[in-house]
Amino acid sequence: MVKICCLGPSNVGGPTMAVIALKCPAIEVVFVGISVARIAAWSSNVLPIYEPGLDDVSFSLKGQRSKISSIQIGCSLVDVKHQRARKPSRTLKEVYANWVPEDRILTTNLWSAELSKLAANAFLAQRISSVNAISALCEATGADVAEVAYAVGKDTRIGPKFLNASVGFGGSCFQKDILNLVYICECNGLPEVAHYWKQVIKINDYQKTRFVNRVVSSMFNTVSGKKIAILGFAFKKDTGDTRETAAIDVCKGLLGDKASISIYDPQPMSPTAVKQVTVTWDAYEATRGAHGVCILTEWDEFKQLDYKKIYDNMQKPAFLFDGRNVVDPEKLREIGFIVYSIGKPLDAWLKDMPAVA
Ligand SMILES: NC(=O)C1=CN([C@@H]2O[C@H](COP(=O)(O)OP(=O)(O)OC[C@H]3O[C@@H](n4cnc5c(N)ncnc54)[C@H](O)[C@@H]3O)[C@@H](O)[C@H]2O)C=CC1
Ligand SMILES: O=C(O)[C@H]1O[C@H](OP(=O)(O)OP(=O)(O)OC[C@H]2O[C@@H](n3ccc(=O)[nH]c3=O)[C@H](O)[C@@H]2O)[C@H](O)[C@@H](O)[C@@H]1O
């Protein structure tokens, strides 16, 4: 029986270990962390994090819970030291070979592995910053970023994925990995390369600022004392993870002009990164009496909302700012909303109000 010790079973470690436990009956997984309650939750019916499919994996493991139930605080690394003679990459390869075809398990030298991870995330983030940069140009010219992205993505050399314009990418990975890449470039005397990758983050920051400016300039150049409902706080749909979410910067920008903010996200969350906001558990409650609505996460639920009901309960004129292009702007304009959708032809109301970031 091989034993794998996971230090810090949370967003990455938890699901990874759950899959290893499921796929590798001969391996015992041990969780080690600083929060007893959080570790205990991994052995309970209410998992500490939300991710589609994770409950099913956990359910399948029920019969073999003892394999992942060990709770320890503190850990001895003596056993790890004794394993040194064996190449770690070979041991890991054997673990993954339980369910991944061997020709799909790549082994490289240490720096290639490190840079592959960083470069993959940097390339993905770069695609989003590229399409977001084009979204600003679409608004200035009258093009529709969804049409442009679709046409561009038809070229099989480019492909259609990761070309959705947004209020900006978030999450704990993209920015961290790019900054890591930038740091390694600088340490290796490559300032031009470092500068190149920094621009991906700069455009991401620009996009968030541009969105806030659109909101403020549309609403008579101030949101002071106005209620703004935020629909979606997670950094992407189908997760309860709010780390480095674009919504934090948008809320901070609006709070800077003294807006009154009411947040609704389908997943329970407490936005510790932003103070003086109200959190509600219902989209209709969050938008009741609001002057404006900002959609900041692409949850499917937001496509199905009764926007006529929302409109009827809002202050007039009622503004809706879609940072994820989840609603049909024309349908909402028919209801009476003044609508801004990232990278889409501008509402007549907004045309003369350029959002200078
Ligand atoms: N979030 C992601 O998708 C990715 C994360 N990573 C890296 O993986 C690592 C974990 O990431 P996440 O799971 O997202 O972080 P997380 O913050 O969700 O989880 C960290 C876990 O470590 C525990 N912990 C913290 N200090 C500890 C200590 N001194 N002793 C024992 N346990 C401790 C915490 O209680 C928590 O359960 C980080 O180093 C992160 O940079 C790498 C790639 C992607
Ligand atoms: O380093 C990691 O562990 C992971 O980081 C990212 O995954 P993640 O950050 O969880 O989420 P993504 O789906 O990549 O989304 C990142 C951000 O980009 C945004 N996004 C994504 C796609 C798109 O077209 N437009 C867009 O704005 C998302 O809404 C989100 O805010 C990578 O996609 C994974 O391959 C990688 O394993």
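At-a-glance table
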read-out: Members of K198/K226; K208/K351; K236/K275; K202/K344 lying beyond 31 Å, as alpha-carbon distances in this model show; value: K198/K226
read-out: Residues whose placed amide H lies under 5 Å from that of I295, excluding near-sequence neighbours; value: L231, F321, D322, G323
read-out: Residues with amide H under 5 Å from that of G240, placed H, sequence gap 5 or more; value: Y50
read-out: Set of aspartates and glutamates with alpha-carbon distance to K252 below 19 Å, sequence-local pairs under 8 removed; value: D205, D241, E244, D265, D322
read-out: P(r) histogram, all alpha-carbon pairs of the chain included - 20 Å bins from 0, percent; value: 25, 50, 23, 1
read-out: Value at 222 nm in deg cm²/dmol, rounded to 500, when DSSP H runs of n ≥ 4 in the chain each add -39,500 (n - 2.57); value: -13000 deg cm²/dmol
read-out: Degrees between helix 246-256 axis and first principal axis of the chain (Cα, 0 to 90, nearest 10); value: 40 degrees
read-out: Partner lysines for K87 [C-alpha distance under 21 Å; skip if fewer than 8 residues away on the same chain]; value: K3, K117
read-out: Kirkwood hydrodynamic radius of segment 110-206, from inverse mean 1/r over distinct Cα pairs, in Å; value: 14.3 Å
read-out: Relative packing of peptides 322-335, 103-116 - highest average C-beta neighbours within 10 Å first; value: 322-335, 103-116
read-out: Cα long-axis angle, helix 13-23 against the chain (0 to 90 degrees, to the nearest 10); value: 50 degrees
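Just so you know, all these numbers are worked out from the coordinates, no wet-lab data involved. Predicted model only: the values in this text are computed from it and were never measured. So basically every Cβ, Gly included, is an ideal-geometry build from the backbone, and we count neighbours across all protein chains shown.
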